[in-house]
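See below for the structure under consideration.
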Amino acid sequence: MQDLVGHAAVETARNSGRPQIVNLINHLTKSKGATISQYEALMLYRIAALPRRISDLESMGVKIDRRWKRDETGHNYMVYSLAGEEAGA
C-alpha cells in the first residue's frame, strides 16, 4: 500500500491534466502489482516515449520500480511498476 507521500504523489499525477500521465498512473494503480512495458504503453495509450513519462511521474514524487524481462524470442525489455507493488517476479 502506498504511504501518504506516495499517495499524494499519485494524486498529483492524476490531477496533472496531462492525458498520458493520467492514463499511465491509472494503469499502474488499477490493481496491485500492475506493470507496463513500452509495447503495452504504445498499444494501449499511444505513449511512444514511456521512459520519459516514467521520468515525469518520478519528478512528481511517484516511486517506480524497473525490472528487465525476457520474452519467448529472447529479447529483453523493461517493465515498470509502482515501487514495492510489483507482483511475483
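Below is a table of values for the structure above.
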{"quantity": "Mean Cα-pair separation over length for the chain, i.e. relative contact order, pairs under 8 Å, 6 or more apart, %", "calculated": "31"}
{"quantity": "Estimated dipole of the chain in Debye, rounded to 20 [Cβ of Lys and Arg +1, of Asp and Glu -1, Cα centre]", "calculated": "180"}
{"quantity": "Among 35, 73, 12, residue whose mean-square fluctuation peaks in a GNM of the chain (springs only between Cα atoms under 10 Å)", "calculated": "73"}
{"quantity": "Cα-based convex hull volume of the chain per residue, rounded to whole Å³", "calculated": "89"}
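FYI, it's all coordinate maths here, none of it is from the lab. It should be emphasised that the depicted structure is a prediction, and the values quoted were computed from it without experimental measurement. Cβ sites come from the backbone with ideal geometry, for glycine too, and all protein chains shown count toward neighbours.
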